[in-house]
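In what follows, a structure is listed as structure tokens, so that the remarks can point back to it.
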Amino acid sequence: LMPSKIIVAGLGIIVLAAFSIMMNLPEDVFQLAFAIPGDFFDSVIENNLNSPTAMEFAPDGRLFVAQQGGTVKIIKNGVLLPTPFLSVLVNENGERGMNGITFDPNFSTNKFVYVYYTTKDAPVHNRVSRFVANSTNPDIALPGNGTQILDLENLTSDTNHNGGALHFGIDGKLYVAVGDNHQSNKSQLLSSQLGKILRINSDGSIPSDNPLFNTPLAKQEI
């Protein structure tokens, strides 16, 4: 994969291409597997990005791109803006860093942007924070460290399986995909946040209708 480019592609095509590589298939078979269906096309949007990890369209059409090193860049009217929307200090070892971004359902009025990133300072852990776009210049965030919405449990020395996808559901709740930190047993433990999909309110509180809200020793946000 080419981390310096954002390419519009179907998940099925990516899976087929990966399968071709793993099976060591001939080049012509690989090309056939990666062929774009007639109703679709590849379009390179921007070449000058540094390890992009996630992207999200704002309601006004701007494309916000999270980069692993802790910055969020904006592509506006087809142009990459030189000044980052946001810069956060992160631990970017392995798969760590800034790995997720999403907008509040009421972004048009409250200008809230949520990001998932790995903290720079010890103890190293992943965090979801909320930042606010500057009303004077919405292409940059208000200065400051933002509002910490969710702090996840401390990570081990393993730097992969970090997770980070963020999405608001139609129920207005924020869903957070958390990696297992290369500890597969943690996915089965209800006492751990790792290897889970977490469901929280936009302010970080836990919805009382979560399935494990009243389960002893379980993390209520699961």
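Each row is one residue, and each column tells you yes or no for (1) outside any strand (DSSP E or B); (2) more than 16 Å from the chain's Cα centre (by Cα); (3) modelled with pLDDT of 95 or more.
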site: P143; (1), (2), (3): yes, yes, no
site: L150; (1), (2), (3): no, no, yes
site: E153; (1), (2), (3): no, yes, yes
site: S191; (1), (2), (3): yes, yes, yes
site: I197; (1), (2), (3): no, no, yes
site: G204; (1), (2), (3): yes, yes, yes
site: L212; (1), (2), (3): yes, yes, yes
site: T215; (1), (2), (3): yes, yes, yes
site: A218; (1), (2), (3): yes, yes, yes
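Among the residues of the range 136-192, those identified as surrounded by 15 or more Cβ atoms within 10 Å (Cβ to Cβ), out of contact with any strand residue (DSSP E or B) (no Cβ under 7 Å at 6 or more places or on another chain) and of a type in the set (V, I, T) are I140, T159. Reported count of residues in the range 178-212, each being touching a residue at least 24 places away in the same chain (Cβ under 8 Å), among the aliphatic types (A, V, I, L, M), over 18 Å from P105 (Cα atoms) and in contact with a Leu (Cβ under 8 Å, 6 or more places away or on another chain), is 3. When you check D42 against the structure, is it surrounded by fewer than 17 Cβ atoms within 10 Å (Cβ to Cβ), over 26 Å from G169 (Cβ atoms) and touching a Phe, Trp or Tyr at 6+ places or on another chain (Cβ under 7 Å), yes or no? No; evaluated as a whole, the condition is false for this residue.
Pairing each residue of the range 103-132 that is on the phi > 0 side of the Ramachandran plot and crowded, with 17+ Cβ neighbours inside 10 Å with any residue that is modelled with pLDDT of 95 or more and in a strand (DSSP E or B), provided the two are 6+ apart or on different chains, yields C-beta distances under 8 Å for K111/V132; K111/A133.
For P37, indicate whether it is exposed (fewer than 11 other Cβ atoms within 10 Å of the Cβ), part of a loop (DSSP other than H, G, I, E, B) and in contact with a Gly (Cβ under 8 Å, 6 or more places away or on another chain). Reasoning before the result, please.
Values: exposed (fewer than 11 other Cβ atoms within 10 Å of the Cβ): yes; part of a loop (DSSP other than H, G, I, E, B): yes; in contact with a Gly (Cβ under 8 Å, 6 or more places away or on another chain): yes.
The answer is yes for P37.
Checking each residue in the range 63-88 for being small (G, A, S) and open to solvent by 10 Å² or more (accessible area, probe 1.4 Å) picks out G69, G78, S87. Within the range 89-102, work out how many residues are surrounded by fewer than 17 Cβ atoms within 10 Å (Cβ to Cβ) and either among the small types (G, A, S) or touching a helix residue (DSSP H, G or I) at 6+ places or on another chain (Cβ under 8 Å) (or both). Result for the range 89-102: 1.
The values are calculated or read from the model by the stated rules, or taken from the named source; none is laboratory data. Quantities reported herein were computed from a predicted structural model and do not represent experimental measurements. Neighbour counts run over all protein chains shown; Cβ positions are idealised from the backbone, glycine included. To get the accessible areas, we keep the full protein, side chains included, count just its heavy atoms, and leave off ligands, DNA and RNA. Shrake-Rupley method; radii C 1.70, N 1.55, O 1.52, S 1.80 Å.
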